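Here the structure comes first, spelled out in structure tokens, and everything after it is commentary.
The values are calculated or read from the model by the stated rules, or taken from the named source; none is laboratory data. Everything numeric here is computed off the predicted structure, so don't read it as measured data. FYI the Cβ positions are ideal-geometry reconstructions off the backbone, even for glycines, and counts take in every protein chain you see. Note: areas computed on protein heavy atoms with side chains; ligands, DNA, RNA excluded. Shrake-Rupley method; radii C 1.70, N 1.55, O 1.52, S 1.80 Å.
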Amino acid sequence: MDFLTEFPGMERQALRDLKKAIDGGFRDFSREFGEALENFFEPLLWFLVWFEKLLRATPWPLIILVIALFAWLGSRSKAVVAGSVLSFLAIGYFGMWNDTMSTLAIISVATLLCITVGIPFGVLMARSDRTQTAITPILDIMQTIPAFVYLIPVVMLLGIGKVPGLIAVCIYAIPPIVRLTNLGIRLVEKEALEAADAFGADYRQKLFGVQIPLALPNIFAGVNQTIMMALSMVVIASMIGVAGLGVPVLRSISNQYLALGLMNGLAIVALAIIFDRVSQRFGERLQRHRKGIDHG
Amino acid sequence: MDEVKIRIENLYKIFGPRAQSVLAQVQQGMSKQELLEKHNHVLGLKDINVAVTPREISVIMGLSGSGKSTLIRHVNRLIEPTSGRIVVDGQDVLTMTKEELIDFRRHKVSMVFQRFGLHVHKTVAENAAYGLAIQGTPIRQAKERSRKWLERVGLSGFEDHYPSQLSGGMQQRVGLARALATDAEILLMDEPFSALDPLIRTDMQDVLLGLQEELHKTIVFITHDLDEALRLGDRIAILRDGAVIQQGDPQEIILHPADDYIFDFIKDINRSRVIEAKSVMTPGASVDGPELPHDLVLEEALQVVSASKRKMANVVDADGTAVGSIELQQIIDAVARPAEDSDEDPTYR
């Protein structure tokens, strides 16, 4: 009866050897290529550090002005602008200004990175059903695997710091932009594409002249989601040495500082809401051609 | 009539994953129904042979499911045939490389779609200039030329509107301007007016006829509407279940329908407004009576003859030379709706 109550699993020794082999293999790999990878990401680190320094060094009124301008350009809504300005004033008043600037820096860079990598992958995915079936499970894994699991190899490879944090954020935040770019392109009306074909448009002309412009509302929904997910990774990223609003949250967890955790948590929420409203309104405005007069 | 702009030869189109392997059976006469049941493949087109004459409107008519939209998409190879040849100006479209095909589509042939196929994110002006932009025409020049065509189809002042702000008829005018702007010799029109209200449809037909009088394009026009086919077509091909069952000029089709299917189709049309004097006349000696131009429709011929108080009339060609004569009884017989058993009708010879 042992057979039924005890799962006939791998032998302990063999299992231990297997794990050891994997660990050893990866350790060798990271010793071999860790430095090369670090060098590869060097420009990214440099940019991130520069951007963070810039944000922290810029006088606060100027930052608030830029935020207000960005909110206005994106949303064209006075309410959104007022909300953004008030949020930043409150953040500064409660002593979270510098952490917020750090978080803003890493979120901006992460989002940019996700867009520049994610959109081409989305386009590739829309190109054929085969690439779609190949990429979809990878995206599923990236979205569902617990962040701590991929933090291990990332830290082993690159150590603790901003770049591994950035990569961890991107692994989690990139799937929506890839998915929605793919979806948006696939949803482009057949007629619009057929007309492009009939007039002799080549692949590039179809992609940049018809597919991407018509998919923009969906692509923007993807950008919006990517920003939201990047923000939700702020706390986890702080565990591997990313400065910002996540650090005090982490501290308040280990020390049971309710007020500290709440304030910094709310600051993250405020950032999320601002980004969300601005990018959503911007996405809506991209669709203004759809609001026609219905002639029936 | 001997000139041919587009020649389609032995064209077959079978939809399904193993089209090539079932082709032989279809060529040996397997029916659409049988193909569907045995192999789960759909027969789109069966042994199509059509010659399109230049500078004329060739109408391909058929009901939905007859394969007419599939057929027209073969001309610019939006759909690849299973077998057959499509020759445009002596060049086989099917042997073109990707680059040649793109060039062919950019310069030689343009298309108007049933559901307009406009790009909703572009303005009317940008849509009209689309073909030119794809060709790589400098923007300024493209704008100027498309503006001219927009004006020609009656859309001046709407350049900066978006398609969704226009009515269906106006959207199709944009589609027409876009197709004309590239100066392609061949214009493929896939049920361009079917989505429009009857009044607007007639309007658009007038626009097209007016343009054609001036431009003399080679137009392949798809429709399911017989009145439209008769109004526009210099030649008509009738498609049923993926096969051409009759082609010829409209007069021929009305006077000599090839089978009962076509007979059913044409029996309700107003024959007096379609049949022309030359189709009914007896060639030869002139008689004592008024002169009728050879392309006068019978309705008007009747008025002339009855006003003249004679029972006969001469038919003259465009130069005024008498080519034949016509009796009042012949006109009346031709106008009368033929009996169901068409073979014995006296006008059918």
- Report, in deg cm²/dmol and to the nearest 500, the calculated mean residue ellipticity at 222 nm for chain A, where each DSSP H run with n ≥ 4 adds -39500 (n - 2.57) and the sum is divided by the residue count. -27500 deg cm²/dmol
- Query: Using θ = phi - 60° and the Karplus form 6.51 cos²θ - 1.76 cosθ + 1.60, what ³J(HN,Hα) does each residue of segment B:28-40 get, whole Hz, x for Gly and Pro?
  - Reply: 8, x, 5, 7, 4, 4, 5, 4, 5, 6, 7, 10, 6
- How many percent of the accessible area of segment A:34-287 is carbon or sulfur, using a 1.4 Å probe? 70
- For segment A:67-176, which trypsin sites (Lys or Arg not before Pro) are both in a DSSP coil and crowded by at most 15 other Cβ atoms within 10 Å? A:Arg76
- Note on the structure: Once the mean of 1/r over all distinct C-alpha pairs in segment B:272-335 is inverted, the Kirkwood radius in Å reads 11.0
- For segment B:304-320 and segment A:102-135, distance of Cα centres in Å: 78
- Query: If you find the alpha carbon centre of segment A:50-86 and of segment B:112-132, how far apart are they in angstrom?
  - Reply: 39
- Counting only DSSP beta bridges with both residues in segment B:272-335, tell me the antiparallel percent, nearest 5. 75
- Item | Selection from B:Met96, B:Leu78, B:Val50 lying farthest towards where the dipole of segment B:41-110 points positive, charges on Cβ | B:Leu78
- A correct Kirkwood calculation over the Cα atoms of the protein assembly as shown returns a hydrodynamic radius in Å of 30.7
- Query: Using alpha carbons only, what's the Rg to Rh ratio of segment B:51-266 with Rh from Kirkwood?
  - Reply: 0.97
- Taking Rh as the Kirkwood radius computed over C-alpha pairs, what is the Stokes-Einstein D of segment A:73-143 at 25 °C in a medium of viscosity 0.890 mPa s, expressed in µm² per second? 159
- Item | Whole-number accessible area per residue in Å² for segment A:65-216, which is evaluated in the context of all protein chains at 1.4 Å | 45
- Nearest-10 value in Å² for the accessible area of A:Tyr203, using the 1.4 Å probe: 90
- Message: Using only Cα atoms and rounding to the nearest 10 degrees, what angle (0 to 90) does helix B:98-107 make with the longest principal axis of chain B?
- Response: 50
- Of the candidates A:Leu69, A:Pro120, A:Ile160, the farthest towards the positive dipole end of segment A:34-287 (Lys/Arg Cβ +1, Asp/Glu Cβ -1, centred on the Cα centre) is A:Leu69
- Pull up all non-local amide H partners of B:Leu292: gap of 5 or more, or a different chain, and H-to-H distance under 5 Å with H placed in the peptide plane. B:Asn314, B:Val315, B:Val316
- Query: Expressed as a rounded percentage, what relative contact order does segment B:51-266 have, with Cα pairs under 8 Å and six or more residues apart?
  - Reply: 33
- Note on the structure: In segment B:51-266 the accessible area split gives carbon plus sulfur, as whole percent at 1.4 Å, a share of 47
- Message: For the interface of A with B, what's the total buried accessible surface in square angstrom, probe 1.4 angstrom, rounded to the nearest hundred?
- Response: 2200
- Query: If Lys and Arg each add +1 and Asp and Glu each add -1, what is the summed charge of the other residues whose beta carbon sits under 12 Å from the beta carbon of B:His294?
  - Reply: -4
- Cα lying deepest toward the dipole's positive end in segment B:184-319, options B:His216, B:Pro257, B:Ala229, charges on Cβ: B:Pro257
- Item | Å² per residue, accessible surface of segment B:51-266 at 1.4 Å | 38
- Counting only DSSP loop positions in segment B:1-79, the trypsin sites (Lys or Arg not before Pro) whose Cβ has at most 16 other Cβ atoms within 10 Å are B:Arg18, B:Arg55
- Quick one: what Rg and Dmax do you get for segment A:76-217 from the alpha carbons, in Å? 19.7, 61
- Query: In vacuo Debye scattering of segment A:25-118, one point per C-alpha: log10 I(q)/I(0) at q = 0.18, 0.19 Å⁻¹?
  - Reply: -0.91, -0.98
- Message: What's the whole-number percent of alpha carbon pairs in segment A:144-296 lying beyond 26 angstrom?
- Response: 45
- Loop-exposed GluC sites (Glu not before Pro) per DSSP, neighbour cap 11 Cβ within 10 angstrom, longest uninterrupted part of chain B: B:4-339
- Task: Return the ratio Rg/(2.2 N^0.38 Å) for chain A, where Rg is computed over Cα atoms only.
- Result: 1.20
- Note on the structure: Once phi for every residue in segment B:81-94 is put through the Karplus expression 6.51 cos²θ - 1.76 cosθ + 1.60 (θ = phi - 60°), the whole-Hz ³J(HN,Hα) values, with Gly and Pro written as x, are x, 7, 7, x, 10, 10, 10, 10, 6, x, 10, 6, 4, 6
- Query: In peptide B:160-166, how many Cβ atoms from other protein chains are near each Cβ within 10 Å, on average?
  - Reply: 4
- Note on the structure: Computed about the Cα centre, the charge dipole of chain B from +1 Lys/Arg and -1 Asp/Glu charges at the Cβ has a magnitude in debye, to the nearest 20, of 1480
- Item | Cα-centre dipole for the protein assembly as shown with unit charges at Cβ (Lys and Arg positive, Asp and Glu negative), debye to 20 | 3460
- Of the convex hull drawn through the C-alpha atoms of segment B:40-176, the volume per residue in Å³ is 158
- Which shape class, rounded, prolate or oblate, goes with segment B:144-213 when its Cα gyration tensor gives a ≥ b ≥ c as root eigenvalues, a/c under 1.5 marks rounded, and past that a/b bigger than b/c marks prolate? oblate
- To the nearest 20 debye, chain A has a Cα-centred charge dipole, built from +1 on Lys and Arg Cβ and -1 on Asp and Glu Cβ, of 900
- Message: If each DSSP helix of 4+ residues adds -39,500 (n - 2.57) and the sum is divided by the residues in chain B, what number results at 222 nm, nearest 500 deg cm²/dmol?
- Response: -11000 deg cm²/dmol
- Note on the structure: Lys and Arg at +1, Asp and Glu at -1: neighbours of A:Ile227 with Cβ under 13 Å from its Cβ sum to 0
